[in-house]
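Student: Quick one: the structure is below, and I'll ask about it shortly.
Please treat every number below as a calculation from the coordinates, not as lab data. Small disclaimer: the values here were computed from a predicted structure and weren't measured. As a convention, Cβ positions derive from the backbone with ideal geometry for all residues, glycine included, and neighbour counts pool all protein chains shown.
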Amino acid sequence: MKYQWLNLSLAIKCLLSGALSCVTAPLAVAAEQLVSDASIKIQKDLTSRHHLKNGMSVIVRQIPDSDIVQLGVTFSSGLKDLSPGRKVLNEWLWTALPMAGKGYPKRKVYQLTEQYSLDLACSGGIEYAACGLGTLNEYWPKALPLMAALLTEPSFTPEDVALTRERIEAELKDTPSNPGSYVNEIVNSIFYRPGHPYRLNHDEALKELDGLGRDDLIKLHKEILTADKLHIVVVTSMPAAKVVADLNQAFGGVKASNAPVVEVTAPEFDAAKAYAFYDRELPTAYIRMKMNAPGIHDEDSVAMRLLYEILSEELGEEIRTKRSLSYAVHAFLIEYNIGVGVINVSTSKPEATLAAIQDVLSTVKSKTYSDEELAEFKRGFATSYYLTQETHASLAGALAASEVFYGDFNEYYDMPRRLDKVTPADIKRLANKWLSNLRIGVIAGRQQFKDEWALDLIKQTAAKD
Amino acid sequence: MVRLLALMMMLLSVSAEAAGSKAYSTQTMDTGLTLVGFESHKVPLVTIVLAAKAGAMTETADSNGLTHLWEHMFFKGNQRLPNQEAFNKRIRQLGITYNGDTSAEKVRYFITLPSVYLEEGLQFMADAIATPLLEQSEMERERRVVLNEYERNAAQPAFDFMNLQRNMIYGPLGYRRDPLGLAPIISNATREQLLRIKDQVFVPANCALLVGGDFVPADLAKLAKKHFANWRTPEGWKPLQPPAFPRFPATTSFVMTRPIVQNVRIQSTFDGPKVRQQPKETYPLDVLANLLEHRGGKFYQKFVDSGLAFEAGFSYYTQSQAGEIDVYATAAPKRAKEVQKKLLAEIKEWVKPGYFNAAQLVDVKRKMTIHRKREQNSPTEFIKELAFWWAVTGLDYYDSYLTNIDKVKLKDVQASVKTWVLNAPHLDSVLLSPEDARAVGLKDTSPPLAKKYLEMYKDPATKELPAATAPENSASPASPG
């Protein structure tokens, strides 16, 4: 009796909430299609596109059974859009901007964020910047005007500019202290040549900081506040019509300007400049490798994600499990307008580890995975796909990224169907095309690491053509 | 049909009310295993957590770090999946993401997978905890991985700083707060030691199975019984009773220099309440931490908003065996002395009328309530969070937490400051670079203390371990721990 009631209860909840769990594929088909067409359809049906009076696009995703609301405002402007000499503004702007705005001096911002426990923050990225507001439905009428004032009419008071400048300077100076993150900068110094839109190392940023000030922040804000570069995503249970009406009040006055788009080209490989070493005595060497990959718009984009998932598993199996050379070894793909493949490892046996990486790269290039093996690798994507949808904030982030890169939120929802189509032949083809021309950054003691180990791997994995 | 739907909606609303404020269910199985379920159907996933009241606190001086090694071995072979290859294949087949963590007072193993595989996931966890092979050959390989994890920690500039703090406070029992343990012990661990740990702490009576996400509660109870019934607590088992820590030392201090440090870390550590013994003492301290974080408050204004420090605050770490309180700041080197002096002096202000106000107290309580709501918005994370509270405080503490927080008044906060911080013994510590120390006139006083308290962390033998040969089987690339 109890069991029946619980099932009934679940059925009602599904009916009321549109929960994705209600349309999980039955077990019989689950092995091949964990994200069913019905599940994707429900998500799409719960998502709608609207336009503000200035043409700005707004995506509203309904989560019917929750009073949490997440607003994401994305600016299609990031590090890549800033010329050398101004790049540090990307971080500075988004640190200083949320501190005060027209009608909202800092004291009032503090008062409101504390009173309503608002989760309000901005961050500047390589391709775009994102500001998020997490709150409850009941505080939305107070929170939205605050957010709008900060984003559209920030004050940049001299005090806040000075305060944030000092914090950024301290953060930048602190960059080398964590070898795990600093090794990324070491490899970036050779991966992105001077002048590349994605390049900014901490010492360069510190120099830039010397020549910049409040006027530069105000100028940059003016440049990027343009309706054609803004995307809004709201994840909420509130009716879309109400949300859009509120957003019209808040952001409908932002003008469009058709700002130019900076084109990004893939970094060029030069075997003579593919290795950087930083001497520091540490208990374990930190090694990070980067290589080119297709950009997010490439038709092989989803297959590349799967390739890097496979590569990461194979590296873990060989280096961590079989040879016990490292606690932390993994590979992943960064997808922007250009793609970047990354292999990351820490080890106290770097020579053996680099040899093992070479073995794994060779294996992945030469092996033809069976359909069954590929299906197994794909299954983990279903879990991460739904994990993204668990919280309002992560779902808003995924939809915003889809909007920025594709101009279409459906691209995010449809990813499982694109993944279904990837074949073993695709994996082999892409491995041979892209797993080459490594750039290697190393942090280790000079006595611990010989340059030829890295140079040999670069030579062995250089593309033949 | 409309009438039926209305009736069903009414039933649903009654059901929700009957559930009260407790968002999850608990029961104790016949084997003594606690079963906790948090039902949420927002996405078709389940997260399964196995938690144990174990960690550094249940180790001895010669087994320090082995609970963490055990955590790694959990993800190796067992009777059903006899080798790493089979284990990894199963992980891929079920679309599992997984990890584990070991701290001073809890161990958690957790997997997330599509909810259609709930039963397979429960079986997977039951096999891993009840029938691990703990083979010596696997252990030889895995401990090298654990040692590399240790080395990664040791590569951080604050590694020695934190070890010295802990060992100065807890003396010879410092290892009971150090889940990472000692490299020589990890290097020389034996299968017998791990088997002993299994019987001491990884038994149903000392563990909880927590499941969050998309499941039907009645199904969960049946499936848990089906797959965990054969996992038994050894006859005559009793929970380990960790020895009491020595009395908190008299006020003392040290300055440590490390070349790579850029900003100065300033910290004063005090003895705090032990949650299972003094639960009522913990609530005002949590409120205090939030009051000091309040951006409209005097503390935040004086230390952070003024630019005096990059960050400054107060933390109380809820633990059952020890309860450290930290007053801390990170600042530019030129302000190190000033910040340290002002930080300690500020404590006297906390007990004065008007330092905190009633509106701030209301804000803080609302914030803590909203935080709970947000926690529950992510079933995957919430169930792990519950595992922490189950192990460290017991779930009754968690259930009544917000009610007790709501009762805290400003005078309780002030009384708490007087009891635990103001004029209480404390360890003052500063971490900065040698150049900055010279520039601001601070002397590194840590070398003799390090000789006394940190020698055990040096282990040249770990560098001499023979290279492992490649076994036939394979392991997961994920990083438990």
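Student: If R₀ is 51 angstrom, what is the calculated FRET efficiency for the pair B:Val362 and B:Met456, using the beta carbon separation as r and rounding to 0.05?
Tutor: 0.55
Student: Would you please state which residues of region A:436-465 a label at A:Gln358 would reach in this model, taking the label point 7 Å out along Cα→Cβ and a backbone N cut-off of under 12 Å?
Tutor: Under 12 Å, as judged by backbone N against the label point of A:Gln358, lie A:452-462 of region A:436-465.
Student: In nm, give the distance between the simple-model label positions of B:Asp219 and A:Asp298, each being 7 Å from the Cα along the Cα-to-Cβ direction.
Tutor: 4.1 nm
Student: Computed FRET efficiency, Cβ-Cβ of B:Asp396 and B:Lys418, R0 35 Å: what is it to the nearest 0.05?
Tutor: Computed FRET efficiency for B:Asp396 and B:Lys418: 0.80.
Student: Under a point-charge model restricted to the Cβ atoms of Lys and Arg (+1) and Asp and Glu (-1), what is the dipole moment magnitude of chain B relative to its Cα centre, in debye to the nearest 20? If you can, show how the numbers build up before the last one.
Tutor: Working: 59 positive and 52 negative charges, 244 e Å.
Using only the charged Cβ atoms, the result is roughly 1180 debye.
Student: For chain A, what is the mean residue ellipticity at 222 nm derived from helices alone (per DSSP H run of n ≥ 4: -39500 (n - 2.57); sum divided by total residues; nearest 500 deg cm²/dmol)?
Tutor: Values: 19 runs with 219 residues, N = 465.
Result for chain A: -14500 deg cm²/dmol, rounded to the nearest 500.
Student: For the pair B:Gln241 and B:Ala154, how long in nm is the line joining their label points, each one 7 Å along Cα→Cβ?
Tutor: According to this spin-label approximation, the distance is 3.7 nm.
Student: In addition: Loop by DSSP (not H, G, I, E, B), at most 12 other beta-carbon atoms within 10 Å: where is the longest site-free stretch of chain B for GluC sites (Glu not before Pro)?
Tutor: Result, exposed sites excluded: B:236-471.
Student: Now for a separate question. For chain A, rounded, prolate or oblate, judged on the Cα gyration tensor with a ≥ b ≥ c (square roots of eigenvalues), a/c < 1.5 rounded, else prolate if a/b > b/c?
Tutor: oblate
Student: Follow-up question, since we're still on this one. Describe numerically, in nm with one decimal, the distance between label points set 7 Å from Cα along Cα→Cβ at B:Leu195 and at A:Ser384.
Tutor: About 4.0 nm separates the two model spin labels.
Student: Hey, another quick one. Take the alpha carbon gyration tensor of the protein assembly as shown, find the square roots of its eigenvalues, order them as a ≥ b ≥ c, and report rounded if a/c is under 1.5; if not, report prolate when a/b exceeds b/c, else oblate.
Tutor: Rounded, because the longest to shortest axis ratio a/c is under 1.5.
Student: If you don't mind, there's one more thing I want to ask. If each DSSP helix of 4+ residues adds -39,500 (n - 2.57) and the sum is divided by the residues in chain B, what number results at 222 nm, nearest 500 deg cm²/dmol?
Tutor: Value at 222 nm, helices only: -13500 deg cm²/dmol.
Student: May I pose another question? Along the Cα-to-Cβ line of A:Ser181, 7 Å from the Cα, sits a label point; which residues in region B:279-312 have backbone N less than 12 Å from it?
Tutor: Zone members listed by number: none at all.
Student: Now for a separate question. At 18 angstrom or more along the helix axis (alpha-carbon based) and mean Kyte-Doolittle of 1.0 or higher, what helices does chain A contain? Whole DSSP H runs only. Don't skip to the end; give the middle numbers.
Tutor: On the way: long enough: A:2-17 (22 Å, 0.57); A:158-174 (24 Å, -0.96); A:301-315 (21 Å, 0.65); A:350-366 (24 Å, 0.41); A:371-388 (26 Å, -0.60); A:392-406 (21 Å, 0.91).
Helices passing the filter in chain A: none found.
Student: Still on this model: Express in nm, to one decimal, how much length is gained between B:Thr251 and B:Ala205 on full extension, taking 0.36 nm for each residue of separation and deducting their alpha carbon distance.
Tutor: 12.5 nm
Student: Same structure, new question: Rank these for me by crowding, B:Met368, B:Met139, going from fewest to most other beta carbons within 10 Å.
Tutor: B:Met368, B:Met139
Student: Tell me whether chain B comes out rounded, prolate or oblate; compute the Cα gyration tensor, take square roots of the eigenvalues as a ≥ b ≥ c, and use a/c under 1.5 as the rounded threshold.
Tutor: Judged from the Cα gyration tensor, chain B comes out oblate (a/c at least 1.5, b/c at or above a/b).
Student: While we're here: Taking +1 at the Cβ of each Lys and Arg and -1 at the Cβ of each Asp and Glu, which of A:Ile68, A:Tyr104, A:Leu82 sits farthest along the dipole of region A:44-115 towards its positive end, judged by Cα position relative to the Cα centre?
Tutor: In region A:44-115, that residue is A:Leu82.
Student: To continue, here is another question. Can you tell which of A:Asn54, A:Ala276, A:Ile296 lies farthest toward the positive end of the dipole of chain A, using +1 and -1 charges on the Cβ of basic and acidic side chains (Lys, Arg; Asp, Glu)?
Tutor: Looking along the dipole axis, the top candidate is A:Asn54.
Student: Compute the FRET efficiency between B:Lys341 and A:Glu138 as 1/(1 + (r/R0)^6), taking r as their Cβ-Cβ distance and R0 = 60 Å, and round to the nearest 0.05.
Tutor: 0.85
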